[in-house]
Structure formats: C-alpha cells, structure tokens
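Report on the following structure.
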Amino acid sequence: MVYLKSENEINKMRVSAQLVSRTLAEVARYIKPGIKTGYLDSVAEDFIRKNNGIPAFKGYGHPGNQFPAALCISVNEQVVHGIPGNYELKEGDIVSVDCGIVKDGFYGDSAYTFAVGSLHESVEKLLRTTVTSLYKGIEKAIHGNTVGDYAYAVQTHCEEQGYSVVRDLVGHGVGRNLHEDPSVPNFGKPGRGERLRSGMTLAVEPMINMGTHRVKTLKDGWTVVTADGKPSAHYEHDIVVREGYAEILSTFSYIEEITKFQIDNNFLDGQARRD
Ligand code: MG
Ligand code: MG
C-alpha cells in the first residue's frame, strides 16, 4: 500500500528530514582519527532529543534482536546497519552514518558517507560516484516515471565506473512509518517497477560497492558487509515525487558546511536544479 502525502503531511516530513540533516552535520564535527563510533552515536542521540525528536532506529527490529543505537555507523567494507561501539576511526577510513528520526508522527531517514582524513584516490572516487548516482536517480524520480527509471539511472552511472550496486538492500517509501511501500531498488530497467505519482515520499539510498555486489550479514545480526571485503559507500535522501521534478526534503548542505566536500553535480538539495 502506497500512501500519497498531503502538503500538510509533507511539511511535517520536511521538518523531520531537516532535523536528520542537522544531526548528521553535528556528527560531522566529530569525525576524525581516534574518535570512537559509539561517541558519534551519543552526540547524535543528545542532539536529536534536545530538538524534540526520537531516534527511530533505537529499538527497531524484532524482540530479541533490536537495533541498540540511534545511528547505523558502517565503516569501510561495512555496507549498512553497522552498530556503533568501540571502533576508533583512523585516517583513510570511510564511514557511512545513517540517521532516522520520528517527530510529530513523521519519519526522516538520511545517510552520508564521510571521509576520515584524506582518502586513497580510488576510495574518494567511489564516494563521488555514489553521491552523484543518487542525484542522477532523483532527477528521474518524477510523476509518471517508474522506480525502474530511477534505478536504471543510478545503476548505469555506477557500473560505468566499474562499481556494483547492492541487490539485497533497497530504498523505500517513508512517512508515517520508517519503511513504507514501495521498495526502491537501485538496479533495474527503464519503465519497469512501481509507477511514481505526485505526493509519493521515498527514501532513496544507493549502496555502491567497489568490488562484488554480494553482501553478507555478520553474527551480530545487523552489520552488512561486502562479501569480498572491499569498500562500500551509501548516501540517502528523502524526496517527494512531484510533476516534472523531485523535491529533496533532506539536505547535505549542513554537512558540507562542516566537511567542505563539494558535490560535483548540478543539483542543490531542496530545489530541482542549479543552473
Ligand atoms: Mg537510512
Ligand atoms: Mg532508509
């Protein structure tokens, strides 16, 4: 069941998505060698609660296997759903930070892969390719297109650079629930899949691997890693499908004020296009 959102509901989602974005920027201030991922999680949880939000990931899941933290923090070969803890970041790591918040009954869900210090050139290219693929997909996420049009744009951009798209994990509808229909894979064919309609709200999130697309889950029941141990990148925005464009509810601009990492593309978050 796909729920189309009213403008009033979208306004609430924008507030939640913006709080997620500001939380990721707050975390960005602390990302440097020697910092424990568990500390980043505590920074995020404090910031979320101070701003009257509730961390959406904490306690998520089935009884007996509930996610224990506010953030998913996934380093290097970890794709998504990493559990924050005692790992200390080191120079050259990449770290995907995924944050979900519920506020006033609506969810925001966004992720960003950060560089720790300076990266090997090949890893920096993986990050740039992945974030650019997200915006290339969003360009196709308009009324009348399909999920396959979005997915094909993401997949072709990444595969042209020799990277692979994770199959086992996908994006999703978002709104009154953290995960709603439809599923939004990052691989597919033009014209296939769910028809996109104005008022659909989606969390789109390419997970792109340097090597094989295959992944496995660690014994902790959460952490997804690449099968070959090569690095993986992940970026996620919340969007609204509209006539002729997609509105981006989350933003990376707060993060990039901190990191100075400029995205090489034609978009400004929250707007259709930068001319
Ligand atoms: Mg997420
Ligand atoms: Mg998500």
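Observations on the structure shown:
- Three-way shape call for segment 162-208 based on the alpha-carbon gyration tensor, with the a/c threshold at 1.5: oblate
- Potential extension, HIS143-ASN65 segment - 0.36 nm per residue separation minus Cα distance: 24.3 nm
- Residue-normalised accessible area of the chain, given per residue in Å² at a 1.4 Å probe: 43
- Take the convex hull of the alpha carbons in the chain; its mean projected area over all directions comes to 13.3 nm².
- Per-atom-type breakdown for the chain gives carbon and sulfur 47% of the accessible area (1.4 Å probe, protein chains only).
- Proximal lysines to LYS90, defined as alpha-carbon separation beneath 17 angstrom and excluding residues fewer than eight positions away on the same chain: LYS32, LYS36, LYS230
- For the peptides 28-37, 92-101, 11-20, residues were scored by their other Cβ atoms within 10 Å and the scores averaged per peptide; the highest-first order is 92-101, 11-20, 28-37.
- Working ranking of peptides 62-70, 83-91 by packing, defined as the average number of other Cβ atoms within 10 Å per residue, highest first, is 83-91, 62-70.
- Net charge over other residues, Cβ less than 13 angstrom from the Cβ of VAL95 (K, R count +1; D, E count -1): -3
- Label-point separation in nm, GLU121 to SER6, each point 7 Å along Cα→Cβ: 5.6
The values are calculated or read from the model by the stated rules, or taken from the named source; none is laboratory data. These numbers come from a predicted model, not from an experiment. Because the Cβ atoms are built from the backbone with ideal geometry, glycine has one as well, and the counts that use them run over all protein chains shown. SASA here: full protein model, heavy atoms, side chains in, ligands and nucleic acids out. Shrake-Rupley method; radii C 1.70, N 1.55, O 1.52, S 1.80 Å.
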